[in-house]
1. In region 184-220, how many are over 22 Å from the mean Cα position of the chain (by Cα) and of a type outside the set (S, T, N, Q)?
2. Of the residues ASN87, ASN112, ASN126, only one is without any contact (Cβ under 8 Å) to a residue 40 or more places away in the chain and assigned to a helix (DSSP H, G or I); which?
3. Scan region 142-155 and tell me whether some residue there is closer than 21 Å to HIS226 by Cβ and among the hydrophobic types (A, V, I, L, M, F, W, C).
4. Given ASP62, ASP15, ASP37, ASP78, which one is at negative phi, of a type in the set (Asp, Glu) and modelled with pLDDT of 95 or more?
5. Do we have LYS189 as basic (Lys, Arg), out of contact with any helix residue (DSSP H, G or I) (no Cβ under 8 Å at 6 or more places or on another chain) and at pLDDT 95 or above here?
6. If you go through region 64-84 one residue at a time, how many are in contact (Cβ under 8 Å) with a residue 40 or more places away in the chain and either crowded, with 16+ Cβ neighbours inside 10 Å or within 20 Å of THR197 (Cα to Cα) (or both)?
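The values are calculated or read from the model by the stated rules, or taken from the named source; none is laboratory data. Computed from a prediction, not measured in an experiment: that's the story for all the values here. Quick reminder, even Gly has a Cβ in these numbers, built from the backbone with ideal geometry, and neighbours come from all protein chains shown.
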Amino acid sequence: MFKFTSSHNTIGFKDKEVIGIIKMEKYPVNGKYPINDFKTGESWRLFKIMGEFVEGIDSLHDIGPAVSIFGSARTDCDHPYYKKAENLAAVFAKNGYSVITGGGGGIMEAANKGAATENADSIGLNITLPFEQKPNPYATTQIEFKYFFVRKVMFLKYAQAYIILPGGFGTLDELFETITLIQTQRIRKFPIILVGTEYWEGLIQWVKDKLLKENMISKKDLNLFHLLDDPDEIVKVVVDFNQEPII
């Protein structure tokens, strides 16, 4: 019997190969797609996935109130969006929130920096990619993932709000998947806040002009997200929502 010991649990297995998988080994990318990794049998791939879930839950289960902050990895440190993310994360930290990001550069780095400056838990959920993504130095807790869907569960499971700053396809993916999950009642409702009126107002207008007018969504679906800029107002929306009794 072989055992894998994390910081809180010991799990026993009968096969040594499984232990290597569960221990979150570094995965080579090199153009290979994780879902089609034929070097690993289907059963072993399940253990890889399980290992990522174990590591994530084990690392995050006691972090307390937290917000997940999203945005572009390409934003330079002197850009106003970077400064906005850093300041916003610091305000959340001062109000007792941990900050969870994708662990990379740009907006993610800024948010981790803002939280770390206020000595709050600053968490980075990094993903193995062939470009862009590398851990930033401001995440006091870094967890590595190979599978996007496992990483997404960690963002959702431990967040009391989603804070969406300007970003690209990855940011839009997180935004619309989460709206869909709330809309279809697959997850609990919580605040989704778009930060940056100038950046997001065109998208919101398109949602109204196309999706709503052509009856692709209901009018009430527009209440699933907020568009705000002021950090104190953003934090107030999150705090007030989470003080409401759950019926």
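1. In the first step, residues of region 184-220 are kept if they are over 22 Å from the mean Cα position of the chain (by Cα); the result is 198, 201-202, 205-220.
Pick out the ones that are also of a type outside the set (S, T, N, Q) and you get 198, 201-202, 206-214, 216-217, 219-220.
Selection size over region 184-220: 16.
2. Result of the check over ASN87, ASN112, ASN126: ASN112.
3. yes
4. Values: ASP62 fails: modelled with pLDDT of 95 or more; ASP15 fails: modelled with pLDDT of 95 or more; ASP37 fails: modelled with pLDDT of 95 or more.
So the residue among ASP62, ASP15, ASP37, ASP78 that is at negative phi, of a type in the set (Asp, Glu) and modelled with pLDDT of 95 or more is ASP78.
5. When the stated conditions are applied, LYS189 does not pass them.
6. Here is the first cut: in region 64-84, the ones in contact (Cβ under 8 Å) with a residue 40 or more places away in the chain are 64-75, 81, 84.
With either crowded, with 16+ Cβ neighbours inside 10 Å or within 20 Å of THR197 (Cα to Cα) (or both) added as a condition, the list becomes 65-75, 81, 84.
Qualifying residue count, region 64-84: 13.
Condition check ((1) outside the structural domain of GLU233 (by TED's automatic domain parsing); (2) farther than 26 Å from GLU86 by Cβ; (3) in contact with a His (Cβ under 7 Å, 6 or more places away or on another chain)) across all residues:
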| site | (1), (2), (3) |
| --- | --- |
| GLY170 | no, no, no |
| LEU175 | no, no, no |
| THR178 | no, no, no |
| PRO191 | no, no, yes |
| GLU198 | no, no, no |
| GLN205 | no, yes, no |
| LYS208 | no, yes, no |
| LEU212 | no, yes, no |
